[in-house]
Each structure stands twice: as C-alpha cells, then as structure tokens.
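The values are calculated or read from the model by the stated rules, or taken from the named source; none is laboratory data. Predicted model only: the values in this text are computed from it and were never measured. No Cβ is skipped: glycine too gets one built from the backbone with ideal geometry, and neighbour counts run over all protein chains shown.
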Amino acid sequence: MDLTYFSPKTEKRDSAIEGRGLFAKAAIAAGETVVVKGGYVMTLAQRDKVGDVLGPSEIQITDDLFIGPATAAEREGAMMHLNHSCAPNLGLNGQIAFVAMRDIQPGEELTFDYAMTDNEEDLEMRCKCGAQTCRTIVTGKDWKRLDLQKKYKGYFSLYLAKKFDPIT
Ligand SMILES: [Zn+2]
C-alpha cells in the first residue's frame, strides 16, 4: 500500500513544468479529493536529514512539522509529484488532503501553489509554471501576500489559514 492516496483518475508522467507531474486521466469535478499526502510526521531537523537522501518529498503541515516518506523504498508511493503553479487547479482541505478548486479536464496537469502550504525562511524557487500570473520567484513566505490570501481563500493549509482568517 502506498503512503499517499491518489484518486484513480490520476496518473504520473513527465511534466512540461518540471520532472514528473501528476495528471488527470479522467474528468475531475470541483471539490473532489484528488490526493491525500501520507508519510511520517517529522521535525525540521528530521526532514532535513531525510531530504539529504531523498530530496524534496514532504509537505509542511504545521509551523514546525512536515509529513513525507522516510526511506528510498517508500519515496515513490509517498511522492505526490504535484508541481507548483501560480495558476493551480488544486487547493487544500485541511493539511494533507488536496481537492479540485474547479472542474479539471482529462490531460491537465494537477498543481497547487506552494504558498498554500509553506511557511519557511530561506526558501526561494525560480518558477517556470508558464502562467500569465507567474510570480517568477516563489518564496516560503508567500502565504503572507494579501493577493494570494484572497485568491486562495478556503484552500490554504489550515495552520496557515488560521493566521490570517479567524473564521476558518
Ligand atoms: Zn509561476
């Protein structure tokens, strides 16, 4: 059994954004659960140690904790292969479940915005998502941007949403 749940409507294959991606192989309706990230809950120090061996394979779930695989054998079944996009089609429902923010057609790459999950210093990535709204540089503090808080309202990881939206 894989550590991460994948909707049977998804498949992993090469992505134009980067490396491998997760794609819809059938139509997905707005609100459907697409992926639920699984793994071990790790501190930052544990995450960094695992990351030295496995590369990035986790997501952040609180200010101090991450979830992801711990061994090479578990990596494939835990990797979501969800690329970042500045015009994503997935958002979060809680901290580990990813849902469709709109209807998704077969063949579309499934993406989320790292601003929805990340709260880290010293995290910076040059974005190649190709969206007209691309931020070019994505950082671990993008959740603080008011434009993104508005754009992704209801789809931020819950620990982040609670920082700026008291009614969540
Ligand atoms: Zn971008």
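General remarks:
- Inside the range 62-86, residues that are in contact with a strand residue (DSSP E or B) (Cβ under 8 Å, 6 or more places away or on another chain) and either more than 16 Å from the ligand (Cβ to nearest atom) or not hydroxyl-bearing (S, T, Y) (or both) make up a count of 14.
- Among (1) farther than 19 Å from N93 by Cβ; (2) modelled with pLDDT of 95 or more, the one test that M1 misses: (2)
- Filter result (hydroxyl-bearing (S, T, Y) and more than 13 Å from the chain's Cα centre (by Cα)) within the range 100-151: T133, T136, T139
- Residue selected from the range 134-168 under the condition of a type in the set (A, V, I, L, M) and touching a residue at least 12 places away in the same chain (Cβ under 8 Å), by the criterion farthest from the ligand (Cβ to nearest atom): L158
- Among the conditions (1) away from the ligand (no atom under 12 Å from the Cβ); (2) of a type in the set (G, A, S); (3) not in a strand (DSSP E or B), A131 misses just one, which is (1).
- Pairs, first of a type in the set (F, W, Y) in the range 1-19, second outside any loop (DSSP other than H, G, I, E, B) and surrounded by 15 or more Cβ atoms within 10 Å (Cβ to Cβ), C-beta under 8 Å, six or more apart: Y5/V35; Y5/V36; F6/L22; F6/V34; F6/V35
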